[in-house]
Amino acid sequence: MSKGDQSKGVKMICPSCGVEMNYHADKLDYTAALTEPNKIDPELGGILDEVHTCPKCGRTDVRKTD
Amino acid sequence: MDGARPVFIPVILGTPRQGRMSEHVARFVLGEVSKREGVETELIDIRNISIPVTDAGENVKEAKLSETIMRADALVIVVPEYNHGYPGLLKHVLDTNLKEYIHKAVGICGVSAGGFGGTRVIQNLLPVMRELGLVTIFWDGNFSSVQNIFDTSGNLVDQAYIKRIDKFLKELIWMAKVLRYGREKVPLE
Ligand SMILES: Cc1cc2nc3c(=O)[nH]c(=O)nc-3n(C[C@H](O)[C@H](O)[C@H](O)COP(=O)(O)O)c2cc1C
Ligand SMILES: [Zn+2]
């Protein structure tokens, strides 16, 4: 696994369905960096979001990588 | 894939202008999408989305729009060409979401009074789509000289657009299904 992957080591659980979500993308969020400049990843220039989607209902949630 | 859930493809009408011809295009495409088995759609009219212009991005997101995009598997964006670019309000509205778009498909219909079918506005919109996390398809809708394609009531006059939009939608639906499978089943390595 590369740096930042599955940062918290546990799968996200869909709050609607209670099933494990699939972690399918890392996305740089430049706007989050405006409100939390101290959290900007110095190598990437933004704040990295892990993107997780529920296989049952299709809901997508994000969480910040560590 | 969860066969029980229909594919959801809303159509975004990308200008608030009084007298907009793009509305004819959006309603025509909406009608063609709604004919597809297993596909749901609805119109997102940016004229009806009230967001402040004193801020930008997710700070000013509108809950209903976010819910609709969250539920979507793909988007159709109907965009008029304004000075070879896209309407500023469309960009302002698109910028209010991010996670809602990731790994979803998008197809663009360009609308122009001139002869190039919105080709220039489509090309200008492609890099924006990419940064939003949307995946573009290789078919576009090109509505050149739009004033000649519909009558004043918005009825399609040039029937060639039915076949063209059929090709566009087939590709978009295929991409929507593949990306849904990917979002839900294929992990990031
Ligand atoms: C501000 C503005 C700029 C425009 N620039 C172009 C242009 O660059 N090329 C073109 O073919 N038509 C241009 N048009 C005409 C539109 O393409 C035409 O109105 C068409 O019907 C689509 O826009 P609508 O949905 O607002 O009607 C422009 C219209 C406006 C209002
Ligand atoms: Zn769920």
> In peptide A:25-32, what is the residue-averaged number of other protein chain Cβ atoms found within 10 Å of each Cβ?
Replying inline: 5
> Quick one: Karplus J couplings for the stretch B:154-171, per residue in order, coefficients 6.51, -1.76, 1.60, θ = phi - 60°, nearest Hz, x for Gly and Pro?
Replying inline: x, 7, 5, 9, 8, 5, 4, 5, 5, 5, 4, 6, 4, 5, 4, 6, 4, 5
> Which residues' amide hydrogens lie under 5 Å from the amide hydrogen of A:Lys11, considering only partners 5 or more residues apart or on another chain, with H built in the peptide plane?
Replying inline: none
>> Using a 1.4 Å probe on the protein heavy atoms, what percent of the accessible area of the protein assembly as shown belongs to carbon and sulfur?
In response: 54
> How many Cβ atoms of partner chains, on average, are near each residue of A:48-60 if near means within 10 Å of its Cβ?
Replying inline: 5
>> Let me check against my output: what whole-number percent is the relative contact order of the stretch B:7-184, with C-alpha pairs under 8 Å and at least 6 apart?
In response: 23
> What nm value, rounded to one decimal, do you get for the distance between A:Asn38 and B:Glu131 when each label is placed 7 Å out toward the C-beta?
Replying inline: 2.8
> Which shape class, rounded, prolate or oblate, goes with the stretch A:4-64 when its Cα gyration tensor gives a ≥ b ≥ c as root eigenvalues, a/c under 1.5 marks rounded, and past that a/b bigger than b/c marks prolate?
Replying inline: prolate
>> Given points 7 Å out from each Cα along the Cα-Cβ axis, report the B:Val60 to B:Asp166 separation in nanometres with one decimal.
In response: 4.2
> When the Karplus curve 6.51 cos²θ - 1.76 cosθ + 1.60 is applied with θ = phi - 60°, which whole-Hz ³J(HN,Hα) does each residue of the stretch B:132-144 get, with x for Gly and Pro?
Replying inline: 6, x, 7, 10, 7, 9, 8, 9, 10, x, 10, 9, 6
> Based on the alpha-carbon gyration tensor of the stretch B:1-105 and its eigenvalue square roots a ≥ b ≥ c, which shape applies: rounded if a/c is under 1.5, prolate if not and a/b is larger than b/c, or oblate?
Replying inline: oblate
> In µm²/s, what is D for the stretch B:7-184 at 37 °C and 0.692 mPa s, where D = kT/(6 pi eta Rh) by Stokes-Einstein and Rh is the Kirkwood radius from Cα pairs?
Replying inline: 204
> For the peptides A:44-55, B:131-142, what is the packing order when you average, over each peptide's residues, the other Cβ atoms within 10 Å and list the highest mean first?
Replying inline: A:44-55, B:131-142
> What residues qualify as long-range amide H neighbours of B:Thr41, i.e. H under 5 Å apart, gap of 5 or more or another chain, H built at 1.01 Å from N?
Replying inline: B:Ile9
> Which whole number gives the average, over all residues in B:169-179, of C-beta atoms from other chains lying within 10 Å of the residue C-beta?
Replying inline: 0
>> With θ taken as phi - 60° and the coefficients 6.51, -1.76 and 1.60, list the Karplus ³J(HN,Hα) couplings across the stretch A:47-63 in order, rounded to whole Hz; mark glycine and proline as x.
In response: 9, 8, 9, 7, 10, 10, 10, 7, x, 8, 10, x, 5, 10, 10, 10, 9
> By average Cβ neighbour count within 10 Å, what is the ranking of B:76-83, B:91-98 from highest down?
Replying inline: B:76-83, B:91-98
>> Can you give the FRET efficiency to the nearest 0.05 for B:Arg47 and B:Ala4, using r as the Cβ-Cβ distance and R₀ = 22 Å?
In response: 0.05
>> Can you list, by residue number, the Cys in chain A that have no neighbouring cysteine C-beta under 4.7 Å?
In response: A:Cys57
> Taking N as the number of residues in the protein assembly as shown, what is its alpha-carbon radius of gyration divided by 2.2 N^0.38 Å?
Replying inline: 1.04
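The values are calculated or read from the model by the stated rules, or taken from the named source; none is laboratory data. Everything quoted here is computed from the prediction, not taken from an experiment. For neighbour counting, all protein chains shown are included, and Cβ atoms are generated from backbone atoms with ideal geometry for every residue, glycine included. Accessible surface areas use protein heavy atoms only, side chains included; no ligands, DNA or RNA. Shrake-Rupley method; radii C 1.70, N 1.55, O 1.52, S 1.80 Å.
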